[in-house]
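Take a look at the structure set out below.
The values are calculated or read from the model by the stated rules, or taken from the named source; none is laboratory data. Here the structure is a predicted model, which means the values were calculated and not measured. Ideal geometry is used to build each Cβ from the backbone, glycine not excepted, and the neighbour counts take in all protein chains shown. Ligands, DNA and RNA are stripped out before the accessible areas are found, and what is left, the full protein with its side chains, is counted by its heavy atoms. Shrake-Rupley method; radii C 1.70, N 1.55, O 1.52, S 1.80 Å.
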Amino acid sequence: MNLTLIDNKCINISFILLLINLIIYWTNIAFKKSNILYKLGNILTISINLLLSTSLILRWLYNGYFPLSNLYESLIFLTWSLSFLQLILEKQNKSPFVGAITTPIELFTAGFASLSLPENMQQASPLVPALRSNWLMMHVSIMMISYATLILGSLLSILFLILYKIKNMNSIYIKINSSMQTTQKLSRITLLESIDNLSYRIIGLGFPLLTIGIIAGSVWANEAWGSYWSWDPKETWALITWLVFAAYLHSRLNKSWAGEKAAVLASIGFIIVWICYLGVNFLGQGLHNYGWFL
């Protein structure tokens, strides 16, 4: 059995496991928090991460360079990054919400890579001269990990907004005795604060990674093209992404915005990250389209 076939099997199996995991996590939330379902979901996530790791390592060994040279490989690496972050957070927080919001994105990215992209785009091709650099591994891997971190932090902010709206609706329409109402209110507030703080901490980790990735990209650009910054569409949207999350962190640090307003800004950041990572490549323009949609 050749390495390419093993690689394909790893991706296909991971996609099936992601689909099963999605059902497990949402069943766990929809009906009753089950420790058995939570552990099963965690085991499947570990399996998915190992399968994706195997796929990336095989492509690295087979092609002789770090597998981040085209859209397919970057999608697989993004899925790996999300599943890895999910495992870390689940170990720290023991919350089913992390897997419930992360798994759909992992399923989307893995599915888009394996089912939507044509077969020729899933195959590795010789690197163009600009990509034959050690900066490929440093710049692109850091950017992808920062994207995964910011996406996860933004997803938690979206979850915060949903639960915040539900809390407000319940406070208006549900009439129950005062003691039970107080207990439920305190429980919701505790959950909201926990999600809000977790989102803040994760975005606080993703932002410096994004900053390092942009700086590394600028140095690489100067080495490859003789200019640190060219206002290429990808560079422009990377700057927009940086500014959005800088504004979010600034508002949280000086406490000018908190709770709902800050969560709205982080939720906008979720869209901005996807435009920066995937959207601008549909334009087929700029210096960052090697192995993407051209």
- request: Output the residue which, of all residues in segment 3-36 that are open to solvent by less than 50 Å² (accessible area, probe 1.4 Å) and among the aliphatic types (A, V, I, L, M), is nearest to TYR62 (Cα to Cα).
  value: ILE11
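Go through segment 54-71 and give me each residue that's assigned to a helix (DSSP H, G or I) and open to solvent by 30 Å² or more (accessible area, probe 1.4 Å). If you could, list the steps in order and put the result at the bottom.
Of the residues in segment 54-71, the ones assigned to a helix (DSSP H, G or I) are 54-63, 71.
Within segment 54-71, THR54, ILE57, TRP60, LEU61, TYR62, ASN63 qualify.
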- line: In segment 72-102, anything surrounded by 19 or more Cβ atoms within 10 Å (Cβ to Cβ) and farther than 14 Å from LEU156 by Cβ is listed as TYR72, GLU73, SER74, LEU75, ILE76, PHE77, LEU78, THR79, TRP80, SER81, SER83
- line: The correct count of residues that are under 21 Å from LYS165 (Cβ atoms) and under 20 Å from the mean Cα position of the chain (by Cα) in segment 239-282 is 11
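For ILE189, indicate whether it is under 20 Å from ILE29 (Cα atoms), hydrophobic (A, V, I, L, M, F, W, C) and at pLDDT below 75. Give the derivation first.
Numbers: under 20 Å from ILE29 (Cα atoms): yes; hydrophobic (A, V, I, L, M, F, W, C): yes; at pLDDT below 75: yes.
Judged against the criteria, ILE189 is a match.
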message: What are the pairs with Cβ atoms under 6 angstrom where one residue, in segment 8-33, is at positive phi and the other, located anywhere, is open to solvent by 60 Å² or more (accessible area, probe 1.4 Å) and assigned to a loop (DSSP other than H, G, I, E, B)? Sequence gap at least six, or different chains.
response: none
So LEU117, is it more than 12 Å from the chain's Cα centre (by Cα) and open to solvent by less than 50 Å² (accessible area, probe 1.4 Å): yes
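Which one is most open to solvent (accessible area, probe 1.4 Å) among residues in segment 203-237 that are in a loop (DSSP other than H, G, I, E, B) and among the hydrophobic types (A, V, I, L, M, F, W, C)? Walk me through it before giving the result.
Just the residues of segment 203-237 that are in a loop (DSSP other than H, G, I, E, B), to begin with: 226-232.
Restricting the remaining residues to those that are among the hydrophobic types (A, V, I, L, M, F, W, C) gives 229, 231.
On the way: TRP229: 76, TRP231: 160 Å².
Going through the qualifying residues, I end up with TRP231.
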message: If PRO126 satisfies all but one of (1) within 25 Å of SER218 (Cα to Cα); (2) in contact (Cβ under 8 Å) with a residue 24 or more places away in the chain, what's the number of the condition it fails?
response: (2)
statement: Among residues of segment 227-256 being more than 15 Å from THR211 (Cα to Cα) and among the polar types (S, T, N, Q), the residue modelled with the lowest pLDDT is SER256
